[in-house]
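The values are calculated or read from the model by the stated rules, or taken from the named source; none is laboratory data. Owing to the predicted nature of the structure, the values given are computational and were not obtained by experimental measurement. Here the Cβ is made from the backbone with ideal geometry for all residues, glycine too, and neighbour counts use every protein chain on show. Just so you know, the surface numbers come from the protein's heavy atoms only, side chains and all, with ligands and any DNA or RNA stripped out. Shrake-Rupley method; radii C 1.70, N 1.55, O 1.52, S 1.80 Å.
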Amino acid sequence: MTLSHEQLHFDIAEIYARKMRLSLSKIKPSKHTRNQVKDIYTAINKELNAYQDLYDSETNYSRDIEKQLLWQTKVKKQLQLK
């Protein structure tokens, strides 16, 4: 179960990498681009860390098997979204 728990951390990171790529793709080059990139990076990393912490908390670091299975389903659905 530990390996699947850690795999889900990786999958969650992929979800947020996609969010970051999408947000960055919407930036129009300007004199504010550097600050926009920094703000996006900071905000999405903050969201990612909070989501990873929630995952660990709700699954009790994979000890709660029922919650772990729920999270696996939840994350799988999120990865299927475009």
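Brief remarks follow.
- The range 1-40: number of residues that are hydroxyl-bearing (Ser, Thr, Tyr) and under 25 Å from LYS74 (Cβ atoms): 4
- Residue within the range 1-16 that is at pLDDT below 95, assigned to a helix (DSSP H, G or I) and either open to solvent by less than 80 Å² (accessible area, probe 1.4 Å) or among the polar types (S, T, N, Q) (or both) present: yes
- Filter result for LYS28 (of a type outside the set (A, V, I, L, M, F, W, C), outside any helix (DSSP H, G or I) and open to solvent by 90 Å² or more (accessible area, probe 1.4 Å)): yes
- Annotation: of all residues in the range 51-75 being touching a helix residue (DSSP H, G or I) at 6+ places or on another chain (Cβ under 8 Å) and closer than 12 Å to ILE12 by Cα, the one that is most open to solvent (accessible area, probe 1.4 Å) is GLN72.
- Checklist (1) surrounded by 11 or more Cβ atoms within 10 Å (Cβ to Cβ); (2) outside any loop (DSSP other than H, G, I, E, B); (3) of a type in the set (Lys, Arg) applied to ARG34, failing item: (1)
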